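The values are calculated or read from the model by the stated rules, or taken from the named source; none is laboratory data. None of the values given here were measured: they were computed from a predicted structure. Virtual Cβ from ideal backbone geometry, glycine too; neighbours counted across all protein chains shown.
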Amino acid sequence: MTQLFQRPLQRAVIGTLASVAVLFGLAGSFSAAAETKSREAWKKEYQRPSEVPYPDDNLYTKEKADLGKKLFFDPRLSGADYISCATCHNPSFAWGDGLPTGFGNAMTKLGRRTPTILNTAYGELMMWDGRFESLEEQALGPMAAPAEMNQEMEAIADELRAIPGYRTLFNVAFPGEGLSIDNIAKAIATFERTVISGTAPFDLWIAGEETAISEAAKRGFDLFNGKANCVACHSGWNFTDDSFHDIGIDDDDLGRGEHFKDNVKMQHAFKTPTLRNAVERAPYMHNGTQVTLSDVVAHYNTGGVVRPSLSDEMRPLQLSQQEQDDLVAFMATLSSVDERIAMPLLPPNDQGPAAGLRQTSPAAGPADVAPIDTKCRVARLHLRPCR
Ligand code: HEC
Ligand code: HEC
């Protein structure tokens, strides 16, 4: 029922007959709803929003976003100084890493695939299992995680503070506050909210440019919203309902179920990923086991592993090979041709014990921590706390 309430337009189109069916508990009725609605009506459901939402306590400023970009690309944020956020969220792979599951500190193989950060500005809960409630909260997670960037949070603030350029940038981006752990998170989150997928052929098509996508892709769009029922979860311009479902991928990872042990439907449930720029982000799923988009569609065609947690929206689809190819052709139209991302210039390390005080502009402010002892620094960053 909730699902129907989320889509009033669809409800209106279904008409009385289907509403009666809904009353009798056939709410899942899958394709009945979809097929009565025209292609033109469906197109309206995929209009892009005109604005990026920013939270009240972390509104956009260019200074914050520029600083956040430097932090995102700066390997000095990791304990061993060689892994940046962009090592795994690589713009060349549409902000994923192109691996089934990534590698973190000391080449530790991670348990889940690196998701894209594209369009996370619009997301609600972060991570495959939704364990973080905001980008701000999320940003500190990987830095501290031993398997990922293995950083000590107190050490990171000290370390960045010892870099004169960062002192300046934090003072400018956060007047009166300067460099703090919270502000590291706020700057990174602000940058992430600028990482939005650009105009794709699909967007041109729904804006009225009939030749922007192929006939196969248009048939794929109809299937997506109809017989194949993909829209049940991949809804709206960002192709996600921001919710969690078990789509019957066979492995032991309980996903959201680890946090909601008593909720049957949350076992093996993962966050519905956006389908924007999906072509560039292979392989797929939380465990990277589906190599191509054709594999993904073939998986849906089987209906997935049947178990109590399997979503009620999942069932064998009986799609022909042609129909499966059409769905893939449709998904390929969701890739935008974006401007190339320029690597940011990073503030250089201080050149000597007192250099932080001598050589910087007054805007840098004083180095409010004692200069870091080199021996201690090596121990702190690579092996153990330096205390
Ligand atoms: C070693 C690889 C690696 C590094 C480094 C890394 N991430 Fe991630 N990131 C991941 C993985 C894997 C996940 C998903 C983990 C999960 O769901 O359990 C993830 C999830 C995320 C998400 C959630 C996306 C979503 O749709 O829910 C965001 C945002 C994110 N990372 C941002 C960052 C930021 C910011 C940094 C740097 C401070 C960073 N990541 C560093 C691998 C990495
Ligand atoms: C019941 C909800 C649901 C339905 C229906 C559904 N999906 Fe998904 N989709 C998800 C979830 C959840 C995931 C992530 C699952 C995982 O990683 O275990 C996913 C993952 C994907 C991915 C991989 C994206 C990535 O970045 O890893 C693609 C592509 C995809 N779906 C396409 C489709 C298509 C095409 C259809 C229709 C044939 C469809 N989905 C139907 C919920 C759904």
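Check whether at least one residue in the range 70-93 is in contact with an Asp or Glu (Cβ under 6 Å, 6 or more places away or on another chain) and part of a loop (DSSP other than H, G, I, E, B), and report yes or no. Yes, the conditions are met somewhere in the range 70-93.
Considering the range 70-87, and only residues there that are under 16 Å from the mean Cα position of the chain (by Cα) and in contact (Cβ under 8 Å) with a residue 40 or more places away in the chain, the residue that is nearest to ligand 1 (Cβ to nearest atom) turns out to be Cys85. Condition check for Gly198 on (1) more than 20 Å from Gly123 (Cβ to Cβ); (2) assigned to a loop (DSSP other than H, G, I, E, B); (3) of a type outside the set (Ser, Thr, Tyr): one failure, at (1).
Please determine whether any residue of the range 233-241 is within 12 Å of ligand 1 (Cβ to nearest atom), more than 16 Å from Pro100 (Cα to Cα) and assigned to a loop (DSSP other than H, G, I, E, B). Checking the range 233-241: at least one residue is within 12 Å of ligand 1 (Cβ to nearest atom), more than 16 Å from Pro100 (Cα to Cα) and assigned to a loop (DSSP other than H, G, I, E, B). The set of residues in the range 286-320 that are part of a helix (DSSP H, G or I) and either without any contact (Cβ under 8 Å) to a residue 24 or more places away in the chain or out of contact with any helix residue (DSSP H, G or I) (no Cβ under 7 Å at 6 or more places or on another chain) (or both) comprises Asp295, Val296, His299, Tyr300, Asn301, Thr302. Within the range 334-347, residues that are under 19 Å from Gly198 (Cα atoms) reach partners that are among the small types (Gly, Ala, Ser) and surrounded by fewer than 17 Cβ atoms within 10 Å (Cβ to Cβ) with beta carbons closer than 6 Å, at six or more positions or on different chains, in the pairs Ser336/Gly198; Asp338/Gly198.
Residues in the range 308-334 that are out of contact with any Leu (no Cβ under 9 Å at 6 or more places or on another chain), among the acidic types (Asp, Glu) and more than 30 Å from Gly257 (Cα to Cα): Asp325 alone. The residue of the range 163-176 that is nearest to Asn58 (Cα to Cα), among those that are surrounded by 21 or more Cβ atoms within 10 Å (Cβ to Cβ) and not aromatic (Phe, Trp, Tyr), is Ala173.
Taken over the range 111-122, the criterion of being near ligand 1 (Cβ under 9 Å from one of its atoms) and either at pLDDT 95 or above or crowded, with 18+ Cβ neighbours inside 10 Å (or both) is satisfied by Arg112, Arg113, Thr114, Pro115, Thr116, Ile117, Leu118, Asn119, Thr120. Of the residues Arg161, Arg193, Arg167, the single one that is among the charged types (D, E, K, R), under 24 Å from Pro344 (Cα atoms) and modelled with pLDDT under 95 is Arg161. Based on what the data block shows, is Ile341 at pLDDT below 95 and either within 16 Å of ligand 1 (Cβ to nearest atom) or assigned by TED's automatic domain parsing to the domain that holds Asn90 (or both)? Spelling it out, Ile341 is indeed at pLDDT below 95 and either within 16 Å of ligand 1 (Cβ to nearest atom) or assigned by TED's automatic domain parsing to the domain that holds Asn90 (or both). Considered as a group, the residues in the range 128-154 that are among the hydrophobic types (A, V, I, L, M, F, W, C) and buried (at least 17 other Cβ atoms within 10 Å of the Cβ) include one that is nearest to ligand 2 (Cβ to nearest atom), and that residue is Trp128. For Ala212, state whether it is under 27 Å from Val297 (Cα atoms), of a type in the set (Gly, Ala, Ser) and within 16 Å of ligand 2 (Cβ to nearest atom). It is false that Ala212 is under 27 Å from Val297 (Cα atoms), of a type in the set (Gly, Ala, Ser) and within 16 Å of ligand 2 (Cβ to nearest atom).
Being within 23 Å of Ala121 (Cβ to Cβ) and in contact with a Cys (Cβ under 7 Å, 6 or more places away or on another chain) is a property that holds for Thr272. Note on the range 250-279: residues that are surrounded by 19 or more Cβ atoms within 10 Å (Cβ to Cβ) and either more than 12 Å from ligand 1 (Cβ to nearest atom) or at negative phi (or both) amount to 15.
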